[in-house]
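Report on one structure; see the data block that follows.
The values are calculated or read from the model by the stated rules, or taken from the named source; none is laboratory data. Just so it is clear, the structure is predicted and the values come from calculations on it, not from any experiment. Using ideal geometry, Cβ is built from the backbone for each residue, glycine included, and neighbour counts are taken over all protein chains shown.
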Amino acid sequence: MNPIIRMYNFHKKEFGLEENRFLRLFETVLSTPPCSILECSVKISPQGAHGARFRLGYEQKDIQDGLHAIHDFLHKIAECEDVSLNQDILNQIVNNDLDVSKIITLGVGLDHQKLTKDSKVKCYFLLKECPEKIDQVLSLHPPLDNIRDYLIHEEFMFGINMYFDGRTSLEIYPLLYNQALNNAALMVKLKLRGVIGEFIEKYNLLHISFEDGGKRILHFNPQSPTQFVRSVGNRQLNLSYSSVQILNYLLNRSYHKEAVVVFSLREDEILSEDIQNINLQYNLSSRA
């Protein structure tokens with residue numbers, strides 16, 4: 001069995017997900033080549049753990065096929081009863097001006113909620129050396145002070161949310177690699193040193209995203225996920241992460257692969273030392 005399909009089935013069973021029309025549409029795309037990336041996600045809050053969150057993706061040589069597959073997927077979602085999908089932002093960005101050769105990876109995610117109107121799909125893009133398109137994305141994003149201070153790499157990641165009730169929004173994810181994270185002057189400039197100082201030697205990559213009002217979400221890729229989980233000290237996270245550990249044991253035994261784990265925390269909760277809202281994401285590529 002394809003390892004990403006095995007991971008998907010494991011996640012569905014582990015988090016008790018029931019079949020529905022939207023998951024079936026997602027599964028069709030996931031199981032169709034050249035799809036080669038899967039991310040499973042658990043959103044942890046005081047209300048519990050929500051696991052009906054997935055993202056599939058395509059690597060650089062398959063981008064054109066991926067664009068077609070995602071277009072078809074969105075079209076089928078939009079045809080579903082009680083769904084109103086607003087693709088205006090997506091259509092403004094993915095047009096004849098977009099140089100497909102500049103897309104490193106491409107993906108689409110599904111977040112299925114109990115209420116259809118609260119469910120959404122999200123398209124993701126990782127671009128390189130594409131300044132005009134980055135300018136366009138930033139012009140469509142809610143204003144943020146000093147946003148260009150974060151853009152220190154040629155790579156640029158963003159996502160477009162499309163809720164099933166017609167709401168839509170755009171998110172950017174500035175990337176900071178290890179070298180930047182160890183640049184004391186940059187950390188002070190971005191006002192990150194006091195937030196992540198205790199983790200500075202413990203991860204390889206940090207993404208940042210912004211909620212309404214500019215509040216920051218920090219997305220950690222730790223060198224030791226187990227140690228990171230212990231440092232957070234959240235019971236529900238411990239339980240969810242134990243499932244990922246089981247999965248990685250199975251993947252390693254069968255395919256000599258392991259899923260890469262990312263944790264998303266709110267900056268204000270880190271500072272208050274009261275971490276209650278966490279996204280646990282783990283991703284895998286089926287490529288050799």
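A count restricted to segment 69-99 and to residues that are farther than 20 Å from I172 by Cα, of a type in the set (D, E) and not in a helix (DSSP H, G or I) stands at 2.
Within segment 31-54, track down each residue that is of a type in the set (K, R) and in contact with a Cys (Cβ under 8 Å, 6 or more places away or on another chain). Within segment 31-54, R53 is the sole residue that qualifies.
Of everything in segment 1-28 that is among the charged types (D, E, K, R) and in contact (Cβ under 8 Å) with a residue 60 or more places away in the chain, the residue that is nearest to Y163 (Cα to Cα) is E14. When segment 141-185 is filtered for residues that are among the aromatic types (F, W, Y) and more than 30 Å from H75 (Cβ to Cβ), the ones remaining, listed by number, are Y150, Y177.
Residue check: is S84 exposed (fewer than 15 other Cβ atoms within 10 Å of the Cβ), over 18 Å from the mean Cα position of the chain (by Cα) and closer than 22 Å to H256 by Cα? In short, no. What pairs can you find where one residue is in segment 182-194 and in contact (Cβ under 8 Å) with a residue 24 or more places away in the chain, the other is part of a helix (DSSP H, G or I), and their Cβ atoms are less than 8 Å apart, with a gap of 6+ or different chains? Filtered contacts from segment 182-194: L186/A180; K189/D149; L190/D149; L190/Y150; G194/L271. Scanning segment 227-246 for residues that are exposed (fewer than 13 other Cβ atoms within 10 Å of the Cβ) and either outside any helix (DSSP H, G or I) or aromatic (F, W, Y) (or both) returns a single hit, G233. Checking each residue in segment 100-156 for being under 28 Å from L190 (Cα atoms), touching a Gly at 6+ places or on another chain (Cβ under 6 Å) and outside any loop (DSSP other than H, G, I, E, B) picks out T105, L106, K122, Y124.
For M162, the criteria (1) under 20 Å from I217 (Cα atoms); (2) surrounded by fewer than 20 Cβ atoms within 10 Å (Cβ to Cβ); (3) in contact (Cβ under 8 Å) with a residue 40 or more places away in the chain; (4) in contact with a strand residue (DSSP E or B) (Cβ under 6 Å, 6 or more places away or on another chain) hold in every case but one, which is (2).
Against the list (1) without any contact (Cβ under 8 Å) to a residue 40 or more places away in the chain; (2) of a type in the set (A, V, I, L, M, F, W, C); (3) closer than 20 Å to E59 by Cβ, the condition V244 fails is (3). Residue pairs whose Cβ atoms lie under 9 Å apart, separated by 6 or more positions or on different chains, with the first residue in segment 88-103 and closer than 11 Å to L67 by Cβ and the second basic (K, R) and surrounded by fewer than 17 Cβ atoms within 10 Å (Cβ to Cβ), are I103/K128. Scanning segment 1-58 for residues that are in a loop (DSSP other than H, G, I, E, B) and among the polar types (S, T, N, Q), which turns out farthest from L74 (Cα to Cα)? That would be Q47.
Quick grid of which residues meet (1) among the β-branched types (V, I, T); (2) modelled with pLDDT under 95; (3) surrounded by 16 or more Cβ atoms within 10 Å (Cβ to Cβ); (4) at positive phi:
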residue	(1), (2), (3), (4)
H256	no, no, no, yes
D268	no, yes, no, no
S272	no, yes, no, no
L280	no, no, yes, no
S285	no, no, yes, no
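For segment 247-288, a residue qualifies if it is among the charged types (D, E, K, R) and either over 19 Å from the mean Cα position of the chain (by Cα) or not in a helix (DSSP H, G or I) (or both), and the qualifying residues are R253, K257, E258, R266, D268, E269, E273, D274, R287. Close Cβ contacts (under 7 Å, 6 or more residues apart or on different chains) running from residues in segment 269-288 that are over 19 Å from R235 (Cα atoms) and touching a residue at least 12 places away in the same chain (Cβ under 8 Å) to residues that are among the basic types (K, R) and part of a loop (DSSP other than H, G, I, E, B) comprise L284/K257. Within segment 29-60, the residues that satisfy the criterion of being loosely packed, with under 14 Cβ neighbours inside 10 Å and touching a residue at least 24 places away in the same chain (Cβ under 8 Å) are S31, T32, S45, P46, G48. Listed conditions (1) surrounded by 15 or more Cβ atoms within 10 Å (Cβ to Cβ); (2) touching a Lys or Arg at 6+ places or on another chain (Cβ under 7 Å) are all met by L181, apart from (2).
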